[in-house]
Amino acid sequence: MMEDYDPTKLSSEEIFWRDHYKFFKDHGYTLRKRYDPDWTPSWITTLKDWLDCEDALPLRVLTASYGTTELTN
C-alpha cells in the first residue's frame, strides 16, 4: 500500500538490481540511478517533491531490460 511506501528504501526485487549494478556497467549497460550503490535520492538534494522524481518510483514490472540503458563507445 502507498501509505506504507518509503521511496528512500529499495524493495527486495530492487536490491537484486543494486547488487548487480557494477556487473551491468562492466558489460556496457547502466541501470537507473536508483540502483546505483551510491544512490542519494534526488529529492533530498533538490526542492522537488519526491512524487515528481523518477528515482522515487519503485520497480513494478520485472523484465530483462527494465531500467537499463545501453552505453555506447
Based on the mean of other Cβ atoms within 10 Å per residue, sort peptides 24-37, 5-18 so the most packed one is first.
24-37, 5-18
Relative to a virtual label point 7 Å from the Cα of LEU71 in the Cα→beta-carbon direction, which members of region 28-45 show backbone nitrogen distances below 12 Å?
28-31
Approximate spin-label separation LEU57-LYS33, in nm, with each point projected 7 Å along Cα-to-Cβ
1.4 nm
Going Cα to Cα from LYS25, which lysines come in below 16 Å? Please leave out same-chain ones fewer than 8 positions away.
LYS33
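Here, each number is a calculation from the coordinates, and none is a lab measurement. This one's a predicted model, so the numbers in the text were calculated from it and none came from an experiment. All Cβ positions, glycine included, derive from the backbone under ideal geometry; neighbour counts span all protein chains shown.
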